[in-house]
Amino acid sequence: MKRYDREPHGRSLRRIHQEDFCQATGHIPSTKYESNLATKLRGPPLKDCFDVLRNTQAGAFNAARFVDFLVFNVLCGNVDAHSKNYSLLLQPSGAASMAPLYDVMNGDIYPDVTRNLAMKIAGKNRGHDIYARHWDRMAEENHLSGAQVRWRVGELSQAVLDALPSVVEELNARLARGGLKRLRRAR
């Protein structure tokens, strides 16, 4: 499997430095969640992450990509999308770009996993409680266009719906071949 954080360098591979948003916002790793009930320490909220992105050379592009990642994680029920699961790739030139999305999981298939999002969207921590007005507020809090964010939410929502039948078909085929353990039916 090809790694996104390596690139050819002569006959070897060169590592591309990666910094997660917990590091980039100056938080310790144990505060990767915005709300840490066990430690009572606060992790980075979305505003801190957008502030970091705004200070990169390609700030607008990186912010738009981050919005895509946030929307996708809400749509797929990824309740573990914390600040250590979003990263910047730092090039030797100093340029920073969003790393591809990684460590994506659906919390709905695990009976003992919280349904709370790791990072709140306009104060909401449950995907099913997030409406257009919350995306608007998140956009306003982070100096983004609410109309553009809502448009992107709609576009990505449709893409997920369009892909769903083939994903279900693939999962059923893998289950039939014994390639996956039986999944709990989503609520």
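The values are calculated or read from the model by the stated rules, or taken from the named source; none is laboratory data. This one's a predicted model, so the numbers in the text were calculated from it and none came from an experiment. As a convention, Cβ positions derive from the backbone with ideal geometry for all residues, glycine included, and neighbour counts pool all protein chains shown.
Restricting attention to the range 1-56, the residues being within 19 Å of Tyr102 (Cα to Cα) and among the charged types (D, E, K, R) number 10. Residues in the range 103-131 that are closer than 20 Å to Lys47 by Cβ and not in a loop (DSSP other than H, G, I, E, B): Ile121, Lys124, Gly127, Asp129.
Among the residues of the range 11-57, those identified as hydrophobic (A, V, I, L, M, F, W, C), outside any helix (DSSP H, G or I) and either at pLDDT 95 or above or within 22 Å of Asn125 (Cα to Cα) (or both) are Ile28, Leu37, Ala38, Leu41.
Look at (1) exposed (fewer than 12 other Cβ atoms within 10 Å of the Cβ); (2) over 14 Å from the mean Cα position of the chain (by Cα); (3) touching a residue at least 12 places away in the same chain (Cβ under 8 Å) and you find that Pro100 fails only one, number (2). Is at least one residue of the range 19-35 among the hydrophobic types (A, V, I, L, M, F, W, C), over 18 Å from Gln91 (Cβ atoms) and either surrounded by fewer than 12 Cβ atoms within 10 Å (Cβ to Cβ) or in contact (Cβ under 8 Å) with a residue 24 or more places away in the chain (or both)? Scanning the range 19-35, I find at least one residue that is among the hydrophobic types (A, V, I, L, M, F, W, C), over 18 Å from Gln91 (Cβ atoms) and either surrounded by fewer than 12 Cβ atoms within 10 Å (Cβ to Cβ) or in contact (Cβ under 8 Å) with a residue 24 or more places away in the chain (or both), so the answer is yes. Among the residues of the range 116-139, those identified as among the charged types (D, E, K, R) and out of contact with any helix residue (DSSP H, G or I) (no Cβ under 6 Å at 6 or more places or on another chain) are Lys120, Arg126, Asp129, Arg133, Arg137.
In the range 79-95, the residues that are closer than 15 Å to Ala58 by Cα form Cβ pairs under 6 Å with partners that are part of a loop (DSSP other than H, G, I, E, B) and of a type outside the set (Lys, Arg), at six or more places apart or across chains, as follows: Ser87/Ala99; Leu89/Ile16; Leu89/Ala99; Ala95/Gln57. When Lys47, Lys40, Lys2 are checked against the criterion of being in contact with a helix residue (DSSP H, G or I) (Cβ under 8 Å, 6 or more places away or on another chain) and of a type outside the set (Gly, Ala, Ser), a single residue qualifies: Lys47.
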